[in-house]
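Report on the following structure.
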Amino acid sequence: MTSLDHSIRTALHAIDDPEMPISIVDLGLVTDIRLSAPAGQPAAVEIDLTPTFIGCPALDMIRDQVSRCVAALPGVGTVRVNWVNAPRWSVDRISDAGRERLRSHGVTTPERRTGGCGGGAAESAAKNLVPLTISLPRTQGVAAPPCPYCRSDETTMESPFGPTRCRSIFYCSACRNTFEHLRPI
């Protein structure tokens with residue numbers, strides 16, 4: 001890894017998703033970084049990002065912030081940000097550090113369905129359409145997520161619709177807090 005590649009990755013790690021307290025790297029949006037640097041010339045940088053949802057209203061904000069941050073780095077000439085739909089984003093792409101940061105801000109995440117941060121089985125499954133399964137509250141026969149504040153299992157879904165398309169709202173009877181839960185997509 002070159003020092004410029006390292007600088008780009010560090011800059012991307014510092015960019016938080018505009019709707020959630022997590023970096024776009026930990027959220028699993030960054031899928032590829034390519035550098036083209038002819039001798040003695042500033043580098044042309046191309047970055048592929050996978051959107052959480054195609055209709056996400058934050059896509060332009062993220063693209064613009066990535067472009068500005070990377071273009072400001074020494075040795076960078078041009079920056080191109082591409083939104084790609086493969087590999088498809090899922091909550092399995094969220095890193096362990098990202099999951100902990102979300103939890104500390106009152107947002108829970110479903111357990112991983114694969115062995116890692118995207119790739120492998122998740123990419124293979126993306127090629128075959130699989131019905132979406134959404135966790136329902138305990139009162140409907142399926143365990144709801146534990147509370148991120150007190151870890152109680154006494155939680156129920158308040159609303160399947162949260163502040164964004166990818167989140168639901170839950171309530172904890174033990175500590176009386178509401179919290180958000182990312183949908184298992």
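Each reported figure results from applying straightforward, stated rules to the coordinates on display, with no laboratory input. Keep in mind the model is a prediction, meaning the values are calculated, not measured. When we count neighbours, we look across all protein chains shown, and the Cβ atoms used for this are built from the backbone with ideal geometry, even at glycine.
Okay, here's what the table says:
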| read-out | value |
| --- | --- |
| Residues being touching a residue at least 40 places away in the same chain (Cβ under 8 Å) and not in a loop (DSSP other than H, G, I, E, B) - total across the stretch 34-90 | 7 |
| Failed condition for Ile94, given (1) within 30 Å of Tyr171 (Cα to Cα); (2) without any contact (Cβ under 8 Å) to a residue 60 or more places away in the chain | (2) |
| Matching residues in the stretch 168-177 - criterion: being assigned to a strand (DSSP E or B) and either on the phi > 0 side of the Ramachandran plot or without any contact (Cβ under 8 Å) to a residue 40 or more places away in the chain (or both) | Ser168, Ile169, Tyr171, Cys172 |
| Output for the stretch 154-167, where each listed residue is part of a loop (DSSP other than H, G, I, E, B) and of a type in the set (Asp, Glu) | Glu154 |
| Members of the stretch 60-99 that are surrounded by 13 or more Cβ atoms within 10 Å (Cβ to Cβ), among the charged types (D, E, K, R) and over 18 Å from Leu4 (Cα atoms) | Arg63, Arg88, Asp92, Arg93, Arg99 |
| Residues (part of a helix (DSSP H, G or I) and closer than 17 Å to Asn82 by Cα) located in the stretch 12-32 | Leu12 |
| Any pair with Cβ under 9 angstrom, 6 or more apart, that starts in the stretch 1-16 at a residue that is more than 18 Å from Ile94 (Cα to Cα) and ends at one that is surrounded by 12 or more Cβ atoms within 10 Å (Cβ to Cβ) and charged (D, E, K, R) | Met1/Arg9 |
